Amino acid sequence: MVSVQRRRGQRARVWRTVEVVDNRGNTVITPSPDGPIEVRAAFIPQRSSRAEVPGQQQINVTTMIVDAAVDDVSLWSRVEYNGREWDIASPPAYHHGDRRTRHWSIDLRERP
């Protein structure tokens, strides 16, 4: 059985990573132009700091736990969750277990 957190988790949209050739002939890694995929995931808040003084930046970091079937996600991917856009803050970590429990854990940082 899939963990309850992922099965009944919150909806998110994930843009996979693709390699494209730009107009100068360079290979560039970008979020997929085909659009996002819909996933259900568990979200665990990690840390946050509020901007108290003008010029400071608010930082929100959370961990997303998603099914192992989600592939082509890297530091260049993007996530839309809870009405906000998030960048991937560290490389996704694959956790291997039996078929029902394997998953990716991905640290996300809210875009300013």
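The values are calculated or read from the model by the stated rules, or taken from the named source; none is laboratory data. Here the structure is a predicted model, which means the values were calculated and not measured. Please note: Cβ atoms are built from the backbone with ideal geometry, for glycine as well, and neighbour counts cover all protein chains shown. Areas reflect the complete protein model, heavy atoms only, side chains present, ligands, DNA and RNA absent. Shrake-Rupley method; radii C 1.70, N 1.55, O 1.52, S 1.80 Å.
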Query raised in the report: If a residue has to be modelled with pLDDT under 85, farther than 17 Å from Ser74 by Cα and not hydroxyl-bearing (Ser, Thr, Tyr) to count, how many in segment 26-59 make the cut?
Result: 11
Report summary line: Looking across segment 26-39 at residues that are assigned to a loop (DSSP other than H, G, I, E, B) and among the polar types (S, T, N, Q), the single one that is nearest to Trp86 (Cα to Cα) is Ser32
Requested in this report: Please enumerate the residues belonging to segment 1-25 that are assigned to a loop (DSSP other than H, G, I, E, B), at pLDDT 90 or above, open to solvent by less than 70 Å² (accessible area, probe 1.4 Å) and not small (Gly, Ala, Ser).
Outcome: Asp22
Query raised in the report: In segment 83-101, which residues are in a loop (DSSP other than H, G, I, E, B) and exposed (fewer than 14 other Cβ atoms within 10 Å of the Cβ)?
Result: Gly83, Ser90, Pro91, His96, Gly97, Asp98, Arg99, Arg100, Thr101
